[in-house]
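The structure appears right after this line, and notes come after that.
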Amino acid sequence: MSLAVTSTSRGRHYEALPVAIFLVLALAPLAAAFGAETYLLGLFTRVMIYGIAALALDFICGYGGLVSFGHAAFVGIGAYTAGIFSAHGITDMAITLPVALLVSALFAWLTGTVCLRTKSVYFIMITLAFGQMIYFVAGSLSPYGGDDGMTLKLRSTLFGFPVLQNDRALYYAVLVFLLASYLLCRAIVASRFGRVFRGARDNPTRMATIGYDVFRYQRVAYVIAGCLGGLSGFLLANATEFVSPSFMSWQRSGELIIMVLFGGIGTLHGAIVGAAAFLLLEDMLGGITENWKLIFGPMLVLIVLFARGGLLGLTQSLWERLRRG
Amino acid sequence: MAEPVPNPVLRIENLRKSFGGLVVTDGVSLDINAGELHAVIGPNGAGKTTLINQISGTLEPSSGAIYLNGDDITALPPNRRAERGLARSFQITSVLPRFSALENVALAVQARSGSSYQFIGRADRESALNDAAMQALTEVSLDSRADILAAHLSHGEKRALELAIALAMQPKLLLLDEPMAGTGPKESERLIVVLQRLKGRFAMMLVEHDMNAVFALADRISVLTYGRILASGAPAAVRADPAVMTAYLGEELE
Amino acid sequence: MSLTLLIVQTLNGLQFGVLLFLIAAGLTLVFGVMDFINLAHGVQYMLGAYLAVMFYALTGNFLIALVLALAAALLLGLLLEFTVFRHLYDRDHLEQVIATFGIILFLNQGVKVVWGAAPLSLPIPDMFAGTIVLSPGILYPIWRLMIIGAGLAVALILYLLVSRTRVGMLVRAGATHARIVSALGIDIRRLFMIVFGFGTMLAAFAGVMIAPILSVEPGMGDSVLILAFVVIVIGGIGSMRGAFIAALLIGLVDTLGRSFSIDILRLIMPPSPARTVGPAIASMLIYVLMALVLYFRPAGLFPAKGR
């Protein structure tokens with residue numbers, strides 16, 4: 001996969017970037033207080049939430065070579081778990097979050113069992129199909145709003161306390177989840193498990209003849225990514241106080257891939273940058289014209305044709321060119 | 001002819017493989033004993049790689065049975081065979097291009113030591129894994145290239161790396177599919193020396209076109225043509241076999 | 001669950017299946033020959049429908065509109081091939097997916113800008129309007145039968161083209177041994193263009209044929225595209241025969257599932273939950289079918305040889 005950037009031999013100057021990203025995210029609310037606070041806070045909350053999902057996708061895609069075109073399904077599952085519980089008056093995240101993660105994991109395990117028996121394009125198509133399945137199922141849940149979705153009565157609580165009610169509290173909670181997800185993915189990638197997973201990307205046949213059951217490792221990774229997708233959805237439901245099938249439409253899955261691509265595949269922190277780039281761009285272009293997709297679509301084509309390695313790759317190569325003079 | 005040993009490391013019984021109407025492996029039976037280096041030679045298309053693929057489990061035989069240390073492994077997937085001590089190298093170099101030489105080997109060591117379902121702790125800093133990997137690299141004289149990405153190694157070095165990966169698996173049986181393929185004369189010589197050093201530590205099956213290598217290394221030779229074993233025996237006997245001479249060796253051995 | 005309804009819904013299922021085949025056939029051809037995954041195939045179906053509506057408004061004649069729409073769709077398709085797709089054939093699948101996704105965003109929005117977001121419709125040609133009596137008490141719209149007939153005819157033509165002509169031979173060879181074909185000195189670029197243009201026409205044809213019974217709206221190609229993926233995954237990528245059988249299978253299972261799931265569930269549970277659960281299960285059926293097929297045959301029902 002020519003897009004995937006080498007993950008094992010990253011330079012040291014990359015280390016500063018993740019730190020900077022999280023610093024900016026941690027300080028953003030303070031800066032936002034001087035501007036359109038609600039708007040900026042909301043935007044950055046969304047960036048971080050999609051960042052979690054994109055991070056998960058980058059984990060399987062960039063390190064495992066598994067291009068999933070159905071990752072929004074997990075976001076939807078997480079969101080609907082929160083939504084359905086809330087519709088029945090259960091909002092305590094001590095209950096709802098574990099269930100959301102569990103359901104996501106279960107869905108990942110089941111669909112992964114089928115998807116991972118196949119390769120490359122099959123994998124793309126099948127994940128796409130399963131994503132669509134969940135989308136239609138959500139749309140058919142008439143007690144929970146059907147195609148229109150439903151609003152949440154209340155954000156999640158923790159042991160009865162409305163800890164996420166305040167937008168700023170929600171923001172920092174999401175930041176903590178993002179940081180934890182990022183650190184988790186980083187640890188896994190470098191771990192024994194991650195090394196096997198990365199090896200399976202490079203050469204599954206070789207890994208099998210060394211003695212690894214590649215399928216099982218990939219499935220575990222797929223479940224991990226699914227859980228993080230679910231977490232993202234769970235947070236999204238809380239942030240928007242709304243769930244709808246559109247959370248898991250196949251376009252959303254496509255957008256997640258685009259975020260990963262924007263940030264440069266196989267870097268993890270790039271996924272966060274990519275999520276920010278995508279959402280800001282969407283916001284910006286959307287501000288110019290309601291037909292922003294007329295601009296964005298061709299942009300994607302141009303990026304694929306001319307800018308390999310994503311935005312970070314692009315800036316990095318520009319930077320190197322500048323430094324060399 | 002070597003004396004039959006009661007429990008060979010590898011026993012193949014009447015193995016057959018056909019693709020549609022084409023029979024590629026046609027009733028092959030052979031044994032490889034502990035510490036023995038058994039060479040399989042034959043013209044291109046004789047079915048040598050197909051045979052290795054069936055033994056290593058990447059290809060399912062149509063009929064017949066394969067035993068490793070007396071256990072029937074015919075139905076096991078490749079990874080389970082590897083767990084039981086079967087290692088192989090590939091005719092077309094098969095390493096992990098984006099991993100360093102050391103990590104390529106360390107992954108093989110890791111497969112043999114403890115669980116790989118460990119999600120924290122940096123695998124590349126586990127000295128137990130790295131030390132064992134380094135040892136295997138040293139055995140194939142690749143220790144000075146440990147930190148180079150496999151993709152950047154020369155062809156001969158990649159062949160050696162394949163061997164190191166196999167060694168790190170502490171195999172009971174090593175299948176070598178044309179380890180000299182595409183290497184220059186100097187590198188071939190080097191590999192022969194390495195293999196000579198390894199001989200006797202475990203059973204080996206060597207598929208090779210390089211007759212210098214085969215006759216320098218083999219304890220026994222089987223000649224495969226059209227998926228069948230034409231002759232099998234000690235190198236001298238095989239060399240003298242008139243059927244082999246006409247079918248295959250003729251020109252190369254005067 | 002009367003017999004009449006069963007017959008009518010079976011025909012509907014066939015009609016849906018035939019439609020899916022028209023789309024999947026182009027997709028699987030293009031993928032089989034060029035190893036190119038074209039997400040934008042669905043918007044080409046949508047364009048076919050929109051172009052037919054436009055040309056019908058201009059000419060007032062369905063047949064002329066059909067021909068013009070096909071020609072225009074072909075031109076647009078070749079324009080896309082020339083400007084974008086051509087540069088993607090040797091890229092990896094992820095890049096192909098992203099670029100063609102960009103095309104989808106553009107065209108879906110573009111259609112909205114040009115023709116508006118509101119659904120449009122195309123009248124059924126007078127000749128084929130109305131229903132016929134299949135047997136006493138069973139009426140069926142003639143146009144739907146036309147679609148079935150046209151689809152089967154296309155399937156037959158495709159079969160003949162692929163099995164009897166030189167281009168067809170190259171297509172078959174290309175589906176399994178693309179590199180060998182190009183090594184033989186065949187102008188692979190031209191072959192790709194022919195195949196791609198042909199696939200585009202098939203999708204557009206499906207769009208035109210379905211336009212009279214479906215609302216023509218932006219995004220109409222998206223869900224059909226995914227179903228077409230399901231079809232070729234079940235049928236085996238690159239296999240025309242597999243696509244045909246899988247398309248009919250999916251069409252029937254989906255249509256019958258949606259019509260009868262509630263009734264069937266009511267046999268085992270009270271009406272109220274059946275009404276809730278039924279549609280959810282019905283919408284999952286084809287994907288579960290896909291999962292089952294893949295679990296037992298990861299390469300699909302009729303895997304193209306050599307893949």
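Quick notes on this structure:
- Our analysis of the range C:7-296 gives Rg over Rh at 0.99, with the two radii drawn from alpha carbon positions and Rh computed by the Kirkwood formula.
- Summarising the amide proton neighbourhood of C:ILE138: residues at separation of 5 or more, or on other chains, whose placed amide H is nearer than 5 Å comprise an empty set.
- Using the alpha-carbon positions of the protein assembly as shown, Rg (one decimal) and Dmax (whole number) come out as 30.3, 95 Å.
- The calculated P(r) of the range A:15-291, using every Cα pair and 5 Å bins from 0, goes 1, 6, 13, 18, 19, 17, 13, 8, 4, 2, 0, 0 in percent.
- Sorting C:133-142, B:38-47 by average packing, meaning the other beta carbons within 10 Å per residue, from highest down gives B:38-47, C:133-142.
- Amide H contacts of B:GLY42: B:LEU224, each under 5 Å away and 5 or more positions distant or on a separate chain (H built 1.01 Å from N in the peptide plane; Pro and chain starts excluded).
- At least 27 Å along the helix axis (C-alpha) and Kyte average at least -1.0, DSSP helices within chain A: A:37-62, A:93-115, A:120-139, A:167-190, A:214-240, A:269-288
- A crude spin-label estimate for the pair B:ASP71 and C:THR59, with each label 7 Å from Cα along the Cβ direction, gives 7.2 nm.
- Antiparallel bridges, percent of DSSP beta bridges restricted to the protein assembly as shown (to nearest 5): 60 percent
- For the protein assembly as shown, the Cβ-based charge dipole about the Cα centre amounts to some 140 debye (Lys, Arg positive; Asp, Glu negative; other atoms uncharged).
- Gyration tensor verdict on the range B:1-96 (Cα atoms; rounded if a/c is under 1.5, prolate if a/b is larger than b/c, oblate otherwise): rounded
- The dipole here belongs to chain C: it is taken about the Cα centre, uses +1 on the Cβ of Lys and Arg and -1 on the Cβ of Asp and Glu, and is about 620 debye.
- Mean Kyte hydropathy of 0.5 or more with a Cα span along the axis of at least 24 Å, helices from DSSP in chain C: C:3-34, C:41-59, C:62-83, C:93-115, C:142-164, C:188-210, C:240-266, C:271-296
- Were the residues from A:GLU282 through A:ASP148 laid out at 0.36 nm apart, the gain over their Cα-Cα distance would be 46.0 nm.
- The mean number of partner chain beta-carbon atoms within 10 angstrom of a residue's beta-carbon across peptide A:137-145 is 4.
- Net +/- balance of residues flanking A:LEU66 in space, Cβ distance below 15 Å, scoring K and R +1, D and E -1: +3
- In this calculation the C-beta distance from C:ARG241 to B:ASN14 is compared with R0 = 60 Å, giving a FRET efficiency of 0.95.
- For the range B:208-247, the square roots of the Cα gyration tensor eigenvalues, ordered a ≥ b ≥ c, give a/c of at least 1.5 with a/b greater than b/c, which places it in the prolate category.
- Under 10 Å, Cβ to Cβ, from B:TYR117 - net charge with Lys/Arg +1 and Asp/Glu -1: +2
- Projected label distance in nm at C:PHE128 and B:LEU22, using a 7 Å step from Cα toward the beta-carbon: 4.6 nm
- Here the contact order of chain A, divided by its residue count and restricted to Cα pairs under 8 Å and six or more residues apart, works out to 32 percent.
- Test item: A:117-123 mean partner chain Cβ contacts at 10 Å: 6
- Put a dot 7 Å past the Cα of B:GLU83, heading toward its Cβ, do the same for A:ALA16, and the two dots end up 4.8 nm apart.
- Per-residue shielding of A:195-203, expressed as the average number of other chain Cβ atoms within 10 Å of the residue Cβ, stands at 6.
- The range A:21-88 shape via C-alpha gyration tensor axes, a/c threshold 1.5: oblate
- Phi angles of the range B:90-100 translate, via the Karplus equation with coefficients 6.51, -1.76, 1.60 and θ = phi - 60°, into HN-Hα couplings of 9, 4, 9, 2, 10, 10, 9, x, 9, 10, 5 Hz per residue; Gly and Pro are given as x.
- Paramagnetic reach from C:LEU79 in the range C:217-255 [backbone N under 20 Å; point 7 Å along Cα→Cβ]: C:217-221
Read-outs: derived from the displayed coordinates by stated rules, not from any lab. Given the structure is predicted, the values throughout are model-derived calculations rather than measurements. Positions of Cβ are generated from backbone atoms using ideal geometry, with glycine treated the same way; all protein chains shown enter the neighbour counts.
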